[in-house]
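Below you'll find the structure, written out as structure tokens, and then a few comments.
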Amino acid sequence: MEWYFYLNYFIYRFYKRKKDNMPELFSFGGTITLFVFNLLTVWMIYDFVTNFWAIPEPIPHGKVWVMVGYAFLALINYLFKKI
């Protein structure tokens with residue numbers, strides 16, 4: 001878990017040096033976004049390997065599911081920071 005706290009600190013320090021108003025928010029959002037990118041990469045590689053010839057179809061209410069996923073990951077991120 002140390003790498004996670006170092007990542008948060010590195011992002012926070014970057015925005016603090018830029019004299020930004022909300023370095024805590026950017027640190028919080030940055031770690032969530034990086035985690036989402038990692039999950040999407042794993043999911044896309046798995047989908048590419050298992051369904052090579054399938055044509056992807058759009059997911060109904062996709063934006064809602066993305067927002068719910070981000071909120072869930074934000075909750076997990078918040079709880080990890082409190083540990």
Between I59 and L79, Cβ-based FRET efficiency (R0 35 Å, step 0.05) works out to 0.80
Using only the alpha carbons of the chain, what is the convex hull's orientation-averaged projected area in square nanometres? 7.3
For the pair N21 and Y4, how long in nm is the line joining their label points, each one 7 Å along Cα→Cβ? 3.0
What stretch of the chain, leaving out the sites themselves, is the longest with no trypsin sites (Lys or Arg not before Pro) in a DSSP loop having at most 15 other Cβ atoms within 10 Å? 20-83
Note the count of lysine pairs whose C-alpha atoms are less than 24 angstrom apart in the chain, limited to pairs 8 or more residues apart or on different chains. 4
Which longest uninterrupted range of the chain lacks any chymotrypsin sites (Phe, Trp or Tyr not before Pro) assigned by DSSP to a loop state (not H, G, I, E or B) and surrounded by at most 14 other Cβ atoms within 10 Å? 1-51
Using only the alpha-carbon atoms, how far is helix 62-82 inclined from the longest principal axis of the chain? Give it as 0 to 90 degrees, nearest 10. 40
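No lab work stands behind these numbers, since they all come straight from the coordinates. No experiment lies behind these values; they were computed from the predicted model shown. No Cβ is skipped: glycine too gets one built from the backbone with ideal geometry, and neighbour counts run over all protein chains shown.
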